[in-house]
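Below is one structure, written out as structure tokens; comments come after it.
None of the figures in this text is laboratory data; all of them are computed from the coordinates on show. Since the structure is predicted, the reported quantities are computational estimates derived from the model, not experimental observations. Cβ: placed from backbone, ideal geometry, glycine included. Neighbour counts: every protein chain shown.
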Amino acid sequence: MEPDLVMKGAESLSPWALFLQADFVVKAVMIGLLLASIWTWSIIISQSRKLTRIGAQTERFEETFWAADDVETLAAKAAKSDLPAARVFTAGIEEWRQSLKLKPIDRDGLRARLQTIMSSASAREIEELSDRLNILATVGSVAPFVGLFGTVWGIMRSFTAIAGAQNTSLAVVAPGIAEALFATAIGLFAAIPAVIGYNRLLHRVGRIEGRLNGFADELHTNLSRELDRQPG
């Protein structure tokens, strides 16, 4: 085979050429999958940065809390913070303040309310942190099937072209089969990072959840101990 013919064939099977050769259905599939891939990467990058920032700030907040001499000053600062640990702390302190105004003090009831309030606050924060992860799970599970749909459609189109040309040579079959398989490749290109990103980010959210729950339990223990010192 002549070199220029080989080069021409290679160019006709390049990704851009395959996209241009595809019909509107396969093109729509490819464009949709590429947009999904971009969306996936934007979520992965933004959530990774967010979780890294929250993890570092949570560690500093806990160090500040355990070293604080004046809890009221810390509570005033925490009330203005959007940090999950600060919000859990604020929810517990607010319930503590309100319950201490009631006389006589219902110690068992206060302990139960503190547990419930801080657990609910922690759950809300984790739900907010996990909010966009469902998009990664959806892309990871759906993208391969969308790509497969593009592949099936492209192969059907290739068979139609073969029947119309009444020619089964590789030169006739290859472009259509290649563009069809290219749709599957793009589907996997979108799905694989989405699945890996989802599992990794979910693991990091789980670590933050464990840290929040541990902080809430320690705060509950300290407040419960302080409650025993309260008169009445």
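Among H203, H220, sorting on how many other beta-carbon atoms sit within 10 Å of each Cβ, with the fewest leading, yields H203, H220. How large is the dipole of the range 21-229 about the Cα centre if only Lys and Arg carry +1 and Asp and Glu carry -1, each at its Cβ, rounded to the nearest 20 debye? With Lys and Arg at +1 and Asp and Glu at -1, about 260 debye. Set against the 2.2 N^0.38 Å expectation for a compact globular protein, the range 81-147 has a Cα radius of gyration ratio of 1.75. Put simply, the Cα atoms of the chain extend 96, 31, 21 Å along their principal axes, the longest span coming first.
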